[in-house]
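Below you'll find the structure, written out as structure tokens, and then a few comments.
The values are calculated or read from the model by the stated rules, or taken from the named source; none is laboratory data. Source: prediction; values computed, not measured. Counting neighbours? That spans all protein chains shown, and the Cβs are built from the backbone with ideal geometry, glycine included. Protein only, heavy atoms only, side chains kept; ligands, DNA and RNA dropped before computing areas. Shrake-Rupley method; radii C 1.70, N 1.55, O 1.52, S 1.80 Å.
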Amino acid sequence: MFGPRRHRLSTLNHDSMSASLNSVLNPSTVAVIGASRREGTIGHTIVANLLRHGFQGTVYPVNPHAKAVHSVRAYPTIGEVPESVDLAVLVVPKEHVLGVAQQCGEANVGALVVISAGFKEVGGAGHRLEQELVTCAAGFGMRLVGPNCMGVLNTRSDVSMNATFAPSMPPAGGTSFMSQSGAIGVTILDYAAELGIGIHNFVSVGNKADVSGNDLLEFWEDDPETRSILMYLEGFGHPERFTTIARRVSRKKPIIVVKSGRTRAGAAAASSHTGALAGTEVATEELLAQCGVLRADSIEDLFDFAMAFEGLPIPQGNRVAIITNAGGPGIMIADACEAAGLEVAPLSAETQKRLAAAFPAEASVRNPVDMIASATPESYQVALDTVLEDPAIDGAIAAFVPPLGIRQQDVAQSILAAAERHTTKPVLAVLMGREGLRQGRADLREAGIPTYMFPESAGKALAAMVRYGQWLARPVEAPHEFDVDRDHVTSVLDKAEREGRDRLLEPEALSVLNAYRIPVVEYRVVRSPSEATEAAEALGFPLVAKVISSKIVHKSDIGAVRINIRSHEELEEAIETLHSNVHQHAPGVEMEGVVLAQYLTGGRETIVGIGTDPTFGQVLMFGLGGIHVETLADVAFRILPVTRQDAADMITSLRGHALFEGLRGESASDVATAEETIQKLSQLAKDHPRIAELDVNPFLLFEKGGAAVDARIALRATPST
């Protein structure tokens, strides 16, 4: 339909596809199709930005109604441009985009950036038009950025390309940035230019019809000019691919993300505890951290973090020293550091002795170090040198409030001098006050010392560096592969699908756990009084009796569970009660039998399960369980697959993890069994993606071993044929 394939890109492997982004970010020739002579239009602005900022290649305006744009010869069509074009920027009405893309493919254009809007974001016909555009670009092997985007940028001196309609060009640097929002992208570039934050690449991906954040992560992974990666995301098109790539890339360079769309709306439709709890902000934070990705709460935090990572060494620990010339700011910084998870560590006696000898008696030589208002620029140098030599300190924050007679430029030079002598420990600066401090902040930033106006900014930025250091220190390990019975699980899932059920019966769910060597309470399925008597003799009292029905999800809500059955008489009475309750509260529902199980007492109630997070897809949850699981919400989430270290982290991250150690004479819980169960459930979920939700609640942990007492498994809907 769209003509022959002129390029080989569509047949290359993924690494080669990533390399194909060279046409987008390192072009030698750029054509602007829809270039305009009319000021204020996007087609006019993009050509102007390419020329104004010194694009090192050739710019070809394409406009059938103009002989020149910005005094550069224009061409009627892309096919009449006299040489091969690496990148075509399309700024034409949406109804002409597909035809222009076809012309670009026939002219052997390497890649497209489609600024035009009116595609998937408006739905309906726009969505269909976007699909046709993707098909066209793929047919010719062209990479496609957008549509509905603001363009791309590369500040490297031998490229110097600003193919955006943003009013600002940021300085060159080591940060590459992806934005899913064009409007946010304009703000980002303005902010970077104002603060002097160096940007290497900027890509506004728009609708992400082809080039996505995952593609850019892989492109920047081995790009020597990119030292850190910033991303503004509204959603993940392929979350599992993102987490796989991010885990790998974050070992090489920091990835910092602002993720919008903080909502719990998706939880309302979840039937399981795991599904209801997934999608919370806590879950998002944990899941990003598992990949080594640092989450920023705002665009301001994003750039605060970026400044810290631009040139500072990664701290070896979380112990920070604070230097200030005023008590109030020192206290504020200490509070900010503690809130961010840093330790305002005690200084050694030797360090305090050296500080006391250098400063007036009124000064405080404890941490924070308050040199009082008489401190000179030299005081900052002495104090920083002293605390950074203390082996109990991993980094420092120096704060300055301008008194009369002290030039902020001199203080900045002293902070810089000390930082340059201690290259293994990061130094951040807080120069408080808007007036008169701009030059000092600029001097320090230019020299590679991140400098902030507010204490909270410095504290959060240093804490982000500490978290990244902890991520790098974690061992790289692969998920453990357990010896399991996959075929049994497959047969159980197949049977449920043949019968048109979207969830397993409880004995089926327990058998799935058994197949993956997850310890399960001893149980029997009974369908008659004689079977119940035989099962009770085999299991022993006390017992639990639960109705088997595919129509009843929360059995305890309608009295479909009886516990602590201690005799045959109580068992007969319990089964009669179950029949009566089902008939009363779920009329028309047929019981398919009863599960009789040992009634286990003692042990720590936990919950472990598989759910679907609206952002990340399939996730695994572990936490304190029982009937109050959603009220307490003391749970941890991880993306699949889960390693042994991930499982251990899930347990220790709980607010109530000390309960597993045994309190007030209680026995400790078998944490090793919990870790192994978490890993086995992870393998189960990866092996059988048809499982949409799984709850084991409670999973009882004893002093030795554990047991799943109750299990629910829901299946994904089978697409209709």
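With the structure loaded, tell me whether GLU350 is over 25 Å from GLN413 (Cα atoms), at pLDDT 90 or above, open to solvent by 50 Å² or more (accessible area, probe 1.4 Å) and not in a loop (DSSP other than H, G, I, E, B) or whether it fails that test. Yes, satisfied.
Residue count for the stretch 531-559 satisfying the condition of being hydrophobic (A, V, I, L, M, F, W, C) and over 17 Å from HIS583 (Cβ atoms): 9.
Table: residues versus (1) free of Cβ contacts under 8 Å to residues at least 60 places away in the same chain; (2) more than 22 Å from the chain's Cα centre (by Cα); (3) over 16 Å from LYS425 (Cα atoms).
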site: GLN290; (1), (2), (3): no, no, yes
site: ILE299; (1), (2), (3): no, no, yes
site: PHE303; (1), (2), (3): no, no, yes
site: GLY311; (1), (2), (3): no, yes, no
site: PRO329; (1), (2), (3): no, yes, yes
site: ALA334; (1), (2), (3): yes, yes, yes
site: ALA339; (1), (2), (3): no, no, yes
site: SER348; (1), (2), (3): yes, yes, yes
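Beta carbons closer than 7 Å, at least 6 apart along the sequence or on distinct chains, never pair a first residue in the stretch 190-205 that is without any contact (Cβ under 8 Å) to a residue 40 or more places away in the chain and closer than 14 Å to VAL24 by Cα with a second that is open to solvent by 10 Å² or more (accessible area, probe 1.4 Å) and part of a strand (DSSP E or B). ILE333 meets the stated requirement of being modelled with pLDDT of 90 or more and in a helix (DSSP H, G or I). Among strands (runs of 3 or more DSSP E) entirely within the stretch 575-637, having at least 1 residues that are modelled with pLDDT of 90 or more and more than 24 Å from LEU684 (Cβ to Cβ) singles out 594-598. Step by step: first the residues of the stretch 163-194, then only those that are in a helix (DSSP H, G or I) and buried (at least 19 other Cβ atoms within 10 Å of the Cβ), then the one that is modelled with the lowest pLDDT. Which residue is that? This residue is GLY182. The residue pairs whose first member lies in the stretch 503-532 and is touching a residue at least 40 places away in the same chain (Cβ under 8 Å), whose second member is part of a loop (DSSP other than H, G, I, E, B) and open to solvent by 50 Å² or more (accessible area, probe 1.4 Å), and whose beta carbons are closer than 9 Å, counting only pairs six or more residues apart or on different chains, are LEU505/GLU592; TYR516/ASP485; ARG517/ASP483; ARG517/ASP485; VAL521/TYR599; VAL521/LEU600; ARG527/GLU592. Residues in the stretch 195-208 that are buried (at least 24 other Cβ atoms within 10 Å of the Cβ) and among the small types (Gly, Ala, Ser): SER204, GLY206.
Taken as a whole, the stretch 691-698 holds no residue that is open to solvent by less than 60 Å² (accessible area, probe 1.4 Å) and assigned to a loop (DSSP other than H, G, I, E, B).
Candidates LYS686, LYS680, LYS704: the one that is open to solvent by 50 Å² or more (accessible area, probe 1.4 Å), part of a helix (DSSP H, G or I) and charged (D, E, K, R) is LYS686. A single member of LYS551, LYS495, LYS555, LYS546 is touching a strand residue (DSSP E or B) at 6+ places or on another chain (Cβ under 6 Å), open to solvent by 20 Å² or more (accessible area, probe 1.4 Å) and under 20 Å from GLU590 (Cβ atoms), and it is LYS555. Tell me, yes or no, whether the stretch 527-537 has at least one residue that is at pLDDT below 90, open to solvent by less than 90 Å² (accessible area, probe 1.4 Å) and in a helix (DSSP H, G or I). Checking the stretch 527-537: not a single residue is at pLDDT below 90, open to solvent by less than 90 Å² (accessible area, probe 1.4 Å) and in a helix (DSSP H, G or I). One residue alone among LEU624, LEU684 is within 25 Å of the chain's Cα centre (by Cα), within 23 Å of LEU505 (Cα to Cα) and in contact (Cβ under 8 Å) with a residue 12 or more places away in the chain, and that residue is LEU684.
The rows are residues; the columns are (1) open to solvent by 10 Å² or more (accessible area, probe 1.4 Å); (2) not hydrophobic (A, V, I, L, M, F, W, C).
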| site | (1), (2) |
| --- | --- |
| TYR599 | yes, yes |
| GLY602 | yes, yes |
| ASP613 | no, yes |
| LEU620 | no, no |
| PHE637 | no, no |
| ARG644 | yes, yes |
| ALA647 | no, no |
| SER653 | yes, yes |
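Among the residues of the stretch 282-301, those that are of a type outside the set (D, E, K, R) and closer than 15 Å to ALA340 by Cβ comprise ALA289, LEU294, ALA296, SER298. Among the residues making up the stretch 318-355, those that are β-branched (Val, Ile, Thr) and either in contact with a Leu (Cβ under 8 Å, 6 or more places away or on another chain) or over 27 Å from PRO403 (Cα atoms) (or both) are VAL320, ILE323. Within the option set THR386, THR423, THR451, being among the polar types (S, T, N, Q) and touching a strand residue (DSSP E or B) at 6+ places or on another chain (Cβ under 6 Å) holds for one residue only, THR451.
Let's see how each residue does on (1) surrounded by fewer than 17 Cβ atoms within 10 Å (Cβ to Cβ); (2) not small (Gly, Ala, Ser):
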site	(1), (2)
SER36	no, no
GLU39	yes, yes
TYR60	no, yes
ASN63	no, yes
LYS67	yes, yes
ALA74	no, no
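The set of residues in the stretch 111-141 being closer than 15 Å to VAL205 by Cα, assigned to a helix (DSSP H, G or I), at pLDDT 95 or above and of a type outside the set (A, V, I, L, M, F, W, C) consists of GLU130 alone.
Of all residues in the stretch 373-423, those satisfying the criterion of being modelled with pLDDT of 95 or more, over 21 Å from TYR452 (Cβ atoms), in a loop (DSSP other than H, G, I, E, B) and open to solvent by 10 Å² or more (accessible area, probe 1.4 Å) are GLU389, PRO391, ALA392.
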